[in-house]
Every structure is written in C-alpha cells, then in structure tokens.
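Shown next, in structure tokens, is the structure this report addresses.
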Amino acid sequence: MSNLAKFDSLRETYESFCYQDYHYSVENGEFCAKFDFVLTPNIEFHPTFRIPSRSFYHWDTIPKPLLDNLVFHIGMIELISYWKIACPKNVVIKPFALDEEQIRWWKKLYFNGLGEFFYVNGIKTNINDFMTITFSSNRSVGTCHGAFNLLHEQTLIPVGGGKDSVVTLELLKNRVPAIPLIINPRGATNECVAAAGFTEEQTAIVKRTLDPTMLKMNAEGYLNGHTPFSALLAFYTILLGFATKSRYIALSNESSANEPTVPDTEINHQYSKSVAFENDFRHYVVKYIDADIQYFSFLRPLNELQIAKLFSRAKEYRKVFKSCNAGSKTDSWCGKCPKCLFTWLALSPFISRKDLTDIFGKDLLTDNNLRPILDQLDGSVEVKPFECVGTVGEVRACVNKILQTDDNLRDTILDGVEKTDDLTVEDYVSQFDDGNNLPELFKNILKEGLNA
C-alpha cells in the first residue's frame, strides 16, 4: 500500500485526535509534566518531560495561570508527533478554548512544519483540508501581561552541540549573563557547554520522553516522518525563560535556513528555523502568553559561511562539536550524510583540509560515495537534502574556493567539477541580513564579533 493510500485509510479508521489534558508538579525543585492524548477510538499516549532542579529556577514565583498556559502550549506542539501517526481529520482541544486567530496560527505551523512529512510520504493535501481544530472548553488561555514583570537582563541559550550554538555561546558568554539550555543532553551538547566554561549545575536541562506506544506504532508501519523540532524547542524555551527569569532567548538559526528545500515551494526542512516562523512565534507569544519575554535568533543576520568563519576561531570546540544526526547516538560524525559533507564544505575556507580530516576522522573529499550528495547540495539536482544544510549558493562558493586553492583533487568528489560564477566566499562573509529581530545590544555584540 502506498503512503497516500495509507494516509486515506488511516484517516477513515481514526477519525479524531484529542488533547485531553496536561499535568505538572514541582517536587524538591524538579519540574515534571505529562500530557494525555487519545487517538480515537482507544489509543492513548502520555509523553512526559522533567526539568531537574537547579538553584536558578523560580517556579514558585510564576503565576499559576501563566504556568498553566506555558505547559498547555508545550502540549500543543508535542501533539503533532502523535497526530502524524494516523493524521486524523479532526483535532479536539479540551484544556482551553482557542480563538479563530489561534486556530489559523496552529494550522499554519502544523501544515508547514509537516511539509517535508507530506512530501516524502507522497501525501497530497492542503492547509484547509488536512485537519480541523475544535475545542470543548469555555476556558480561555490565561494570558498574564504585566503580571510577571520580574524578568532579569539574562539570556537563555539553547545548545544543540553543533557549530551554530557554539558561536552564540562564545560571543555572548562574557557579554551578558547567560544560561545554556539543553534538551535531552548527549556527549556533544555536554562537552560544548563545558568547553564554554559552564558546569552542569549552571545549565538548564530538559529530559523529554516519547510515549513508547508511538514508537511501537512507528515500528509497525504507521505514518512517520519529520516534525518541526525547532518549534517544539521554541515553546520549551519560553517555559524555561520564565523559570530562570531570563528576558532574552537567543536561538542560533541563520538566514540560510530561509531557503526552501524543494525549489519553488514552501517545503523547507528548516521551516521552524526560518525567520517566517520566528516572526509568527514572536507575535503569538506577545498576544497569547506574555509581552515581556524576547525570543529571537542571535545568528539570523548571518549566513552559514559567516558562522563557519566565526566557529573556526574557537579551536577548543573542534574535537567536541557534532552536527551529524546519523551519528548522534554514538556522538560521532558518520562521514556519509549530507550534514557531514555540508559542514566540511562550509568550514573548508577557514580550516585546513588536514585539520578537517582530523575533525571528521577521514578526508570526506576522497569518499566518492558522497558525490551524489554533493550534487544535491550544489543544485546539480533539483531537491536539496532534507537536512539542516546551507544554501546552494553557499555550497558553490565553498566548492569554488577549494577548486581555486587545492591542487590535490584528482580522484576526489570534486574531480571534474567546474568552477561557477556564483558569489564568492568573500562576498558571503561581508553580508549582514537586516531581516532579523535582534535587540540593539545583541546586534552590536554580533557586529563586534564579525569585525574582531
């Protein structure tokens, strides 16, 4: 059965998905939460998360209506991972009532955030028909504008273990009071935070657990695929922002994330890293949560090559950072995927081939199995890899730089590749994208870092 036929069949079998309730508690300083989801007629999911105790949390100072609101919204973004199993036509929200603008906002996020999921699975649908959202409560979302005006001039910095969040950590750690944030820590995230000079007790940690029933159904062949993790991260950061009294939340998403993965469409693997989502999210937070907290991407004015140049200066991270999703479980570079090859190419104008070989454990240019991936990255084939990679232009600029400076390319993936007339690496590193939401303090810090 094709995935499109499976999509239609599952929607007939499972008519609705219900967000029943959320629960949370604080015991000995540890925050724990659980969600109740039901895929009708009788499949229950109960994902959880917990936030281990730290001295900088202030759970008891957050007004209960605001805390209810924050946890409820995390449930709203968590549910998409469970809805996609059968893609039922109707989604019922029980804890709160939503107004029409909220319903439109969530449908837009779900639809665009699942753009890759629909595309890869061959599912033909549209934003109007893929789901309806209704509610069965008269209780409005409890906005608390002005009720929690004790936020400090402090910055929460999510850390994923790759070069981007390393650059944000390095530029901000000595300029503003900062707290790193890690969701489900792994070797690279822990080691990057340690390399930046933060201890575990100085780091906010979220331990998120998926419901085993969902994992079992995925293994059994129900629908599966990419979900907008960065949107999920966004809602978690708002909760942690209030818990730590941090006025600023500094993401590390770059301007390059705005380019669609599939040309001439809005299908973007990095949709929830794009400035379009960032703008929508900021508007939503101001209207439905609280206007005092500031969510923005610190690296939004920069492209991937500028970030790579900044990262190349921080040599202490070269052995600990990891951007490879395929190797995340073993905390390694797999050396075979688009993310590995793109990261190599992006760093190549600023770090020698010998040093890159030391970082990745092999010379990726000599692995001819990567040539088809290069064709995807440089636009030789139409669709880019569904990974967090840079733009076609950035890749071509890096390839041109290697062709210009490296005389040892025989029998490599660049053997026979012709130089193009695209922008140069030097062109890219002189850019500054004004389509950003940086407060003036952070904009100045970033410009000083670029000019250092």
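Every number in this text was worked out from the coordinates using simple rules, so none of it is lab data. What you are looking at is a predicted structure, and each value in this text was computed from that prediction instead of being measured. Neighbour counts run over all protein chains shown; Cβ positions are idealised from the backbone, glycine included.
Okay, here's what the table says:
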item: Virtual spin-label span in nm between Asp433 and Lys419, 7 Å along Cα→Cβ; result: 2.8
item: Pairs from Lys163/Lys319; Lys309/Lys447; Lys84/Lys124; Lys108/Lys287; Lys401/Lys443; Lys34/Lys84 whose Cα-Cα separation, in the structure shown, is over 22 Å; result: Lys401/Lys443
item: Dimensionless Rg over Rh [the range 127-269; C-alpha; Kirkwood]; result: 1.02
item: Equivalent-ellipsoid semi-axes of the chain, from the Cα gyration tensor, Å, largest first; result: 36, 28, 19
item: Among 44-50, 172-178, 34-40, the order from most to least packed when residues are scored by Cβ within 10 Å on average; result: 34-40, 44-50, 172-178
item: Dimensionless Rg over Rh [the range 217-306; C-alpha; Kirkwood]; result: 1.04
item: Separation of alpha-carbon centers, the range 322-357 and the range 223-247, rounded to whole Å; result: 26
item: Gain upon complete extension [Arg353, Ser137; 0.36 nm per residue less C-alpha separation]; result: 71.8 nm
item: The chain: relative contact order in percent, alpha carbon pairs under 8 Å with at least 6 residues between; result: 15
item: Centre separation in Å (Cα based) which lies between the range 359-431 and the range 63-104; result: 42
item: Cα-based convex hull volume of the range 321-429 per residue, rounded to whole Å³; result: 100
